[in-house]
Structure formats: C-alpha cells, structure tokens
Amino acid sequence: MLLTRWMAAGGRVVKRALPGYCAFCLDPLTGEASWCQACFDQLPWNRPACPRCGDALTHHQQFLCGHCVSKRPAFDAAHVALRFQFPISALVRDFKFNARPRAGMLLCELMQTSLPSPPFDAILPVPMTPERARERGFNQARWLAVELGRRTGLPVLEVQRVKQGPSQRRLNRQARFANLSGAFKVNALLPGYVAIVDDVVTTGATAHSMALALRRAGVERVDVWAASRTPLVVDQA
C-alpha cells in the first residue's frame with residue numbers, strides 16, 4: 001500500500017512534501033486535502049479509545065479504561081484521533097524537535113478531522129517555564145494552539161507554568177503525576193468551557209495537573225485536544 005512505501009523510506013517523505021502531493025506517499029492530489037485517501041485510511045487511528053482520557057481500549061465493549069474507572073482525571077474528555085505510532089510518531093518528532101512548520105500544519109489538519117466544529121469557548125496550550133522556553137526555543141503546544149485558533153476562530157489563552165520539574169520521559173505513571181503537582185497557575189479570568197492543547201498525551205498527568213488549576217480558577221468544563229495518544233495498554237507508562 002502507499003503508506004507502506006512511506007514507511008520503507010524511513011519517514012523522510014513528509015520533510016519534502018509539497019502542496020498538491022500526498023504528504024505521506026507523494027502521489028498527486030486532486031482535492032484540497034494534504035493526503036490521499038489510501039494513506040489516510042492506514043494511519044494509526046485511536047479506536048477504540050477511552051472517551052475520558054483517550055487511552056486505547058482493549059475491545060469495543062469496554063467504555064472507560066481501567067485508570068479512569070479507578071481514578072477520574074480532572075479533565076472531562078480527551079479528543080485524540082491518532083495514536084503515537086508510526087508514521088504519526090515520526091511526524092510529531094519532526095515537528096517537536098526540528099520545528100518544521102509543514103509537519104505542524106499536517107498535525108493541525110489531522111486534529112481538525114476529529115473536531116471539525118470545536119465546541120470550546122477557548123483553547124490553552126500546555127505552557128513551559130521561561131527557562132525551559134529559552135532552552136528549547138520552541139513550544140510545540142503553543143504553535144499548535146495558535147494555528148488551531150487561526151483556523152477555528154477560537155481565542156488562545158494562557159496559563160503560567162510555575163514549576164518545570166525533571167523531564168517526564170523516564171518517569172513512571174505515579175511519578176509523572178507527583179512531578180506535576182502544583183505546576184500551573186491561572187492569572188486571568190477564563191470562560192466556562194476550555195480545551196488544553198498538546199502534541200502528545202502519555203499518561204494524562206500534564207493535562208490533569210493543568211485541569212486542576214483551571215477548575216480552581218472557576219472553569220466549569222475542561223477537555224483535552226491533542227494530536228496523538230501513547231497507548232498505555234502496550235506498556236507505555
């Protein structure tokens with residue numbers, strides 16, 4: 001299949017994809033989409049998924065994942081259409097670590113396929129501390145939020161990150177939640193229904209901590225709108 005050719009090329013095609021050609025297989029396109037239907041159908045869609053946190057479910061009869069049954073997160077729902085698996089994982093890394101706008105645009109378009117008419121009053125990117133922002137030079141969550149706001153007309157608001165803590169990458173689920181306790185602060189009046197925007201959701205610890213701060217500030221409903229979800233059922237803590 002066409003996506004198999006993209007995989008065989010090591011995921012490098014998207015870096016040189018041009019408008020008018022499929023971002024994954026480079027076949028010519030006739031419509032406005034950035035991909036052909038064959039490649040779109042083969043993407044790692046996040047189905048079935050827990051409607052509350054977006055984690056992959058083991059079967060269609062299951063309604064909530066085990067984590068949400070035992071301990072409800074502070075946010076209400078997660079809108080995450082894709083799983084953090086190839087080729088989406090390669091696309092996210094290209095955007096996050098190489099700051100490639102084309103990869104970011106593709107992620108925004110894919111996020112919009114799950115929510116063509118977002119119901120939120122506003123969207124808020126996951127922030128970095130000023131020190132981390134200077135170190136990285138690029139906040140991928142904020143870039144996504146600004147672009148999504150431009151496309152949807154939703155206002156993009158900000159919360160403050162007051163504690164960065166060590167990197168989450170090597171921490172287990174429990175340590176991730178503890179690491180982010182009290183990490184966010186809200187300094188402005190917010191509307192009643194907002195969504196947290198991020199590139200990848202792993203355990204949901206970041207969104208949970210941020211949602212707690214938003215609820216303390218009076219927000220009535222908090223959702224998550226992300227580009228991909230790391231499936232915890234495949235032993236990804």
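The values are calculated or read from the model by the stated rules, or taken from the named source; none is laboratory data. Here the structure is a predicted model, which is why all the values come from computation and not from measurement. Positions of Cβ are backbone-derived with ideal geometry, glycine not excepted, and every protein chain shown enters the neighbour counts.
Being under 26 Å from ASP41 (Cα atoms), touching a strand residue (DSSP E or B) at 6+ places or on another chain (Cβ under 7 Å), outside any loop (DSSP other than H, G, I, E, B) and not hydroxyl-bearing (Ser, Thr, Tyr) is not true of LEU124. Is it the case that the range 172-188 has a residue that's at pLDDT below 95, in contact with a His (Cβ under 9 Å, 6 or more places away or on another chain) and surrounded by fewer than 18 Cβ atoms within 10 Å (Cβ to Cβ)? The answer is yes; a qualifying residue exists. Reported count of residues in the range 68-84, each being out of contact with any Ser or Thr (no Cβ under 8 Å at 6 or more places or on another chain) and of a type outside the set (Gly, Ala, Ser), is 7. For the range 202-237, the tally of residues that are under 17 Å from ALA81 (Cβ atoms), at pLDDT 95 or above and in contact with a Lys or Arg (Cβ under 9 Å, 6 or more places away or on another chain) stands at 2.
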